[in-house]
Amino acid sequence: MTTDFGNDGRALPAGLRERWRHESVTSVWRRPSDWYHPAVDALAAAVLDHGDPTAAAWDLGRARGEHGVGVGEALDDLVCLYRSTGVPAPPVDAVRALTEGWSDAQAALLVTGACTDPETGLPTRQYLAVRLEEAYLDAVRLGLDPAAAHGLVLVDVAAGHVTGLLRAARSAAVGAALRDAFGAGHPAATLGGGVFAVLTRAGDDTDARIAVLRAEVARRCEDVDVRVSTRQPVRVWVEPLPATHAAAVQRLAQLARPEPWVGIPRPAPPSVPSAHGDAPHDGPPHRPDGFDLGGPGSGLPAGLLAALWPDGPPVRDTPGPSAPAAPDDDPADGGAHDDPAATTD
């Protein structure tokens, strides 16, 4: 039997994961770009080996809960896995385990306030802003310039467009590399879009830690696809803290990059009669990336578009002349800083 390998090194029959994904995104899954998680490989392997699926189902349920997937959608996805192997419904033990994992994730989110990014395992930008406030208060108490006591190490690993699966793999690798390089006591956060920040202290051997970080990112991103989506070399630079906490939070917001809105089919336009009197064109427009809207395999059930947009789909505005970009200078922090997207190593 032809095999490929999951992230845990276990052999998987070729095509199973894609059959499961296709079954799910064409029937129950709402966002195709966030379907994949490494936990799906372990559960698929357990099902194929006719082993006990409960541990793997619990892990997948927890992952779905951490990513904000509803319990109904997660259970429907589990049904799709078993259907893709010819079994009409999952066993009760797998259903119970997935539900318990999902519930555990929801309980953890209530306790932590959802301050951890599930892909990287790092705190969010909002959490880093709280730790920055503590650093400024400590500096005031000691009568120090904040820039003399702390600094920010900024890391940019993004290289072009990246899919949800590759983004998750890259984010997990970089999160682990940051923890290895800086260790406990150095709050690190993801800013989105492959940009990360670490709060450092005066007296840290920052250059040595950055060297370790570069080596760890390279080691953990050895997979060909992940390496292609990772900046080579990784861009790392150090910024002193600005004079005020508000200015530091503003700087983080400037550096933050929203994750791309990808993998979700756009609606087909309403039928419009031809100018020559031909029959209306009811078919979906052809997209150059090969994902045709509303066509076979698009993942849109019949009638869904009409239910979502009864008055016709939204029309994207034609972009006008670009407004001049705001300067990246902050008087409070003593000058301009490089934009990670515009500067090279």
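The values are calculated or read from the model by the stated rules, or taken from the named source; none is laboratory data. Just so we're clear, the structure is a prediction, and the values are computed from it rather than from any experiment. All Cβ positions, even for glycine, are placed from backbone atoms using ideal geometry, and neighbour counts span all protein chains on display. Ligands, DNA and RNA are excluded from the accessible area calculation, which covers all protein heavy atoms including side chains. Shrake-Rupley method; radii C 1.70, N 1.55, O 1.52, S 1.80 Å.
So the values come out like this:
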item	result
Loop sites in the stretch 18-91: trypsin sites (Lys or Arg not before Pro), DSSP, at most 13 other Cβ within 10 Å	ARG30
Gained length - VAL140 relative to GLU222, 0.36 nm times residue gap less alpha-carbon distance	25.1 nm
Dipole of the stretch 126-231, positive end: most advanced residue of LEU165, ALA149, VAL130 [Cβ charges, Cα centre]	LEU165
Which of LEU191, LEU48 is most accessible, then next, and so on - probe 1.4 Å	LEU48, LEU191
Net +/- balance of residues flanking PRO187 in space, Cβ distance below 12 Å, scoring K and R +1, D and E -1	+2
Formal net charge of residues neighbouring THR54 (Cβ-Cβ distance under 12 Å; K, R +1; D, E -1)	-3
Distance between the stretch 71-90 and the stretch 118-169 - C-alpha centres, whole angstrom	39
